[in-house]
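Shown next, in structure tokens, is the structure this report addresses.
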Amino acid sequence: MSGEVNIKRLAQELNISIATVSKALNDSYEISQKTKNRVWSLAKELNYTPNPAASNLRSNKTKTIAVIIPNIANNFFSLAIKGIEEIARNYGYHVLIYQTHEDAEMEMSFTNSLLNGRVDGILTSVSSNKYNKEFYSDLIKKVPLVFFDRVYETIDAYKITTDDYQISFNATQHLIDKGCTKIAYLYGLEKLPAGIARFTGYQDCLKANSLSFSEDCVITYTEKEEDNIENIKQLFKKNKPDALFSSIEEFIIPAYSACRELKLNIPGDIKILSFSNLNSAKLLNPSLTTISQPAFEIGNEAAKCLFKILNKKGIGDDQNIVLSSTLIIRDSTGL
């Protein structure tokens, strides 16, 4: 049978109704998995491509979702996007990606431009330079929205996060178990719940081990790498810590650079660990102990939650989904 491959032809070849084919292609819960697999298999075999214009006119859907993230170069976000795209593809959706560069004004501008029906829903990880809860409290009423990784805890929405407090506590305990008593903290995301939870986990672990916390051993992230290097060097000179705990991966190169410039041996003179999903962590010299977040799974879960909303299912589910991070011990804390 030659000619155009459309829904009608798929229905004829499979000897099922056009409506069933259409619902199967859209992954409808009304259709059995067995039937969906038959439809998807034939569609793939015949190189069936949907006519988005026609189906969008019928359904009034754009078949597009937006992902708004701070930085696509960050390995965590590139992995999360892969997780999102996998689910979106299953539903026949396109993904638009917007990068805010940690700028809340740009974030609001992007989001407002999407409210005229350009997308069916939004997945967002909020920028760190401003606490913007009021904007999002209003936005959630206008468009299907799911937060992932960086969230506002008190907003009534799906929020996909990791166990930032607990893994931070565990990482600090690892440094203490390695003999560290003066652990400096490299602080990022300080305006967001994730950043605050990480910092609190670190502080509480010090307290639990009867170690004193000092503000002098905390450095806050700045956007200029040379300033971060200089601040870490000053920290070493003034306070002589025996460990660095970095809450974001952007501090890793400045930390290693500062140690090299001061001729400090890692892990002999200073032990270092960081939140990071960098593939290159194991290639650093010495290899870096990291807190690895399940980035792909977070993106995957966030997209599933958005499609639950779009398909009017899952309302009433628990909206706070917390996934576990992993401490990967390498040479920088002494194996």
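The values are calculated or read from the model by the stated rules, or taken from the named source; none is laboratory data. Owing to the predicted nature of the structure, the values given are computational and were not obtained by experimental measurement. Neighbour counts run over all protein chains shown; Cβ positions are idealised from the backbone, glycine included. Ligands, DNA and RNA are stripped out before the accessible areas are found, and what is left, the full protein with its side chains, is counted by its heavy atoms. Shrake-Rupley method; radii C 1.70, N 1.55, O 1.52, S 1.80 Å.
Structural remarks
- Qualifying GluC sites (Glu not before Pro) in region 112-218, DSSP loop, other Cβ atoms within 10 Å at most 16: Glu153, Glu190
- Ranking by accessible area, most exposed first, for Ser125, Ser78, Ser212 with a 1.4 Å probe: Ser212, Ser78, Ser125
- At most 13 other Cβ within 10 Å, DSSP loop - chymotrypsin sites (Phe, Trp or Tyr not before Pro), region 130-190: Tyr131
- Take every pair of alpha-carbon atoms less than 8 Å apart whose residues are at least six positions apart; their mean separation over the length of the chain yields a relative contact order of 18 percent.
- Its Cα centre serving as origin, the chain has a Cβ charge dipole (Lys and Arg +1, Asp and Glu -1) of approximately 1040 debye.
- Sorting Ser332, Ser292 on solvent-accessible area from highest to lowest, probe radius 1.4 Å, gives Ser292, Ser332.
- Ligands, DNA and RNA are left out, and with a 1.4 angstrom probe the accessible area of the chain is 48 Å² per residue.
- Computed with the Debye formula from one identical point scatterer per Cα of region 270-332, without solvent, the log10 of I(q)/I(0) at q = 0.14, 0.19, 0.30 Å⁻¹ comes to -0.54, -0.73, -1.22.
- Positive-pole candidate from Ile248, Ala258, Tyr202, dipole of region 179-335, charges at beta carbon: Tyr202
- Portion, in percent, of the accessible area of the chain that falls on carbon or sulfur, probe 1.4 Å: 50
- Annotation note: trypsin sites (Lys or Arg not before Pro) in region 230-335 located in DSSP loop regions with a Cβ neighbour count of at most 16 within 10 Å are Lys263, Lys312, Lys313.
- Largest-first ellipsoid semi-axes for region 73-128, taking √(5λ) over the Cα gyration tensor eigenvalues, angstrom: 20, 17, 7
- Residue order by solvent-accessible surface for Arg118, Arg198 is Arg118, Arg198, largest first, with ligands and nucleic acids left out and a 1.4 Å probe.
- Debye-sum result for region 178-311 in log10 I(q)/I(0), which assumes one identical scatterer on each alpha carbon, at q = 0.11, 0.13, 0.17, 0.20 Å⁻¹: -0.44, -0.58, -0.93, -1.23
- Per-peptide packing, taken as the mean over residues of other Cβ atoms within 10 Å, places 20-32, 241-253 in the sequence 241-253, 20-32 from highest down.
- Cα-based Rg / Dmax (Å) for region 87-204: 17.4, 57
- For region 1-157, the spread of Cα positions along each principal axis, largest first, Å: 59, 31, 26
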